[in-house]
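Here the structure comes first, spelled out in structure tokens, and everything after it is commentary.
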Amino acid sequence: MEIITEPRAMQAWSDAERRADRRIALVPTMGALHEGHLELVRAARAHADRIVVSIFVNPMQFNRRDDFDRYPRALDEDAALCATVGVDAIYAPSPGAMYPEGFASGVEVTGLSEPLCGRTRPGHFRGVTTVVTKLFNAVRPHCAAFGEKDWQQLAVVRRMAADLDTGIEIVGVPTVREADGLALSSRNRLLGSDARRAAVCVPRALAAAAAAVAGGETSARSVADRAAAVIASEPQARLDYAEVRDPHSLTELEEVRGPALLALAVWVGGVRLIDNCILNPEGTDR
């Protein structure tokens, strides 16, 4: 397994693999890897011959400096984990390599990037789409794997890849969860023991909303309120948003008549957690 730190060296590696007629998959990450990331690698393996994991804590997608500074970083541990699942190369550029002096460009997807996290984290998705474009240009993959936990990010990246004619297949991978239902996230490392116990209110809120829909509730507002009530019952949690939206367009729904996305963002112990589920009324399929 190689660790590559410069864009041109990454491009040279990928060009050689392409000349050998091998398909390349990219798994973009910000490091602090966990089982959810490894599942992305396994899913990508089904689509490609070579796997590249990128590790880069992207300053452009943080709207708070303190959040960027405290984001967990563990490159040696990450490399060891990558080796266990057969990753072929790690692309770990420095901030200077990604954003050299004078850097002044950006990529933006309108519409899909505006609600939910786009509303509460201004500039976040512009940072995401800019860095993903740069990763695509360096790694030159045939496909890239993204987790469904970040549903809005997945939708935005799919739109960007299609709109810019990248020819890159975007693979969505289901959320991996702990035994108590909490979605795996690098940010979970920042939770203290009390906050970690409190964080189970997030999957419980999703479950309560899903049960309401399965029981016949069709009002999107009532479903979102059901989730919000679970969050409100946990003293250490503070709701950012709970919204029911179309899974594809992300437009807000008034009624749940077919599969619908319930998206949550919740502050627990000073850590912002996001999660989602697809609500399926009785008689519908995801």
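Remarks
- Based on alpha carbons, the Rg and Dmax found for segment 108-169 are 11.2, 33 Å.
- Packing-based ranking, highest mean first, of 165-172, 274-281, 127-134 given that Cβ atoms within 10 Å are counted: 127-134, 274-281, 165-172
- Diffusion coefficient of segment 79-222 by Stokes-Einstein, Kirkwood radius over Cα pairs, 37 °C, 0.692 mPa s: 181 µm²/s.
- Its alpha carbons give segment 183-269 an Rg and a Dmax of 13.4, 39 Å.
- The chymotrypsin sites (Phe, Trp or Tyr not before Pro) of segment 55-137 that DSSP puts in a loop, and whose beta carbon has at most 13 other beta carbons within 10 Å, are F103.
- Kirkwood Rh and Cα Rg combined as Rg/Rh, the chain: 0.97
- Cα radius of gyration and Dmax for segment 132-286 (Å): 16.7, 49
Bear in mind that the values in this text are calculations on the coordinates, not laboratory data. Everything numeric here is computed off the predicted structure, so don't read it as measured data. We place every Cβ from the backbone using ideal geometry, glycine too, and count neighbours over all the protein chains shown.
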